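Worksheet for the structure shown next.
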Amino acid sequence: MNIKQQSTDPSTHQTLGTQRIETLVDGVFAIVLTLLVLDIQAPEATSEMDWLRKLWELRENIFSYLVSFIVLGTFWYGHTIEFHYVQRSDRIHIWLNLVFLLCIAFIPFSASLIGQDGQLHTASVVYGLNLLLTGIVRYWHWYYITSGHRLVDVEMELRLIRTIRRRFLMVPFAYLLAIFVSLLNTRIGLLLYALIPVLYIHRVRGSSIATSVKRQTPDIE
C-alpha cells in the first residue's frame, strides 16, 4: 500500500486517499484559469484605428487577467508543495481542500469586477479580500496537516514545517497590506496583488523548501 495515497480515518475506519483530492484540485485550477480569459471579448471594429481604440479599452480586463493568472499559478504551486509532503488524509483535510477551492473558484468573479472598472476601490477591495481569504485557508490547511505531524511524515523536520508555515503566513498579511494600499490608490494596490506572488516564488526558490522538494522528488510516488 502506498502510504502517500491511502490511510485509515480512525473515526470512520475507512481508507482515505489523497489522489482524488489532488485530481480535483488540479481540475478546478484548470477550469478557473480558463474562465479568466472568457472575460476578455474580442472587439468588433470598422477600421484598424477603431480596433486599436477598442483594444485599448480592454486594458483593465487584460491587466486583471494577467494578475489573476499569476496569483492562481502561485496558489497552485503552493498547493503542490504542500501535497509533496502529505502522506495521508482525513475528513477535515478533505473539507479544508474544498474550502480552499471555494475561494479559488471565486477569483474569476472578483477579477471581473476589476476588469469592468479597475479604478473602483470596492472592486479592488473585494478582489483583495478574495485573495486574503484564500491565503488564510491555505495557511490553515498547512497548519492542520503538520500539527503533531498529523498527515505528514513523522520524520519531517520541524524547521522545515515552521519555514513553510512562515512563508504561507506572510501571504495573507501581504494581501492585507495591499488592500489598505488599494483604498488609497487602486493602481498601486493592483500592482501589489501581482507583485506578492512573484516575491513569494522568488523567496521559495532560494529557501530550504525548494531544496527539500528537489531532494525528495524521487520518493513522491
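Brief remarks follow.
- Residue in segment 103-138 that is farthest from V67 (Cα to Cα), counting only those that are open to solvent by less than 50 Å² (accessible area, probe 1.4 Å) and among the hydroxyl-bearing types (S, T, Y): T134
- From H93, H84, residue being out of contact with any Asp or Glu (no Cβ under 6 Å at 6 or more places or on another chain), modelled with pLDDT of 90 or more, more than 18 Å from L131 (Cβ to Cβ) and open to solvent by less than 30 Å² (accessible area, probe 1.4 Å): H93
- Cross-chain or 6+ apart pairs with Cβ under 8 Å, segment 137-159 first and closer than 15 Å to Q87 by Cα and of a type outside the set (A, V, I, L, M), then in a helix (DSSP H, G or I) and open to solvent by 80 Å² or more (accessible area, probe 1.4 Å): Y144/I92
- Just one of the listed residues (Y77, Y127, Y139) is among the hydroxyl-bearing types (S, T, Y) and over 18 Å from I164 (Cα atoms), and it is Y127.
- Taken across segment 147-159, residues that are open to solvent by 60 Å² or more (accessible area, probe 1.4 Å), farther than 17 Å from V198 by Cα and within 20 Å of the chain's Cα centre (by Cα) do not occur at all.
- Close contacts from segment 164-190, counting a first residue that is in contact (Cβ under 8 Å) with a residue 12 or more places away in the chain and a second that is basic (K, R), with Cβ to Cβ under 8 Å and a gap of 6+ residues or different chains, come to R167/R203; F168/R138; V171/R138.
- Summed over segment 43-73, residues that are in contact (Cβ under 8 Å) with a residue 12 or more places away in the chain and either touching an Asp or Glu at 6+ places or on another chain (Cβ under 9 Å) or surrounded by 20 or more Cβ atoms within 10 Å (Cβ to Cβ) (or both) total 9.
- Any helices (runs of 4 or more DSSP H) falling wholly within segment 27-125 and containing at least 1 residues that are small (G, A, S) and either within 12 Å of the chain's Cα centre (by Cα) or more than 22 Å from I145 (Cα to Cα) (or both): 59-85, 91-116
The values are calculated or read from the model by the stated rules, or taken from the named source; none is laboratory data. Keep in mind it's a predicted model, so treat the numbers as computed, not measured. With ideal geometry, Cβ positions are generated from the backbone for all residues, glycine too; neighbour counts draw on all protein chains shown. Surface accessibility is based on the protein's heavy atoms, side chains included, excluding ligands, DNA and RNA. Shrake-Rupley method; radii C 1.70, N 1.55, O 1.52, S 1.80 Å.
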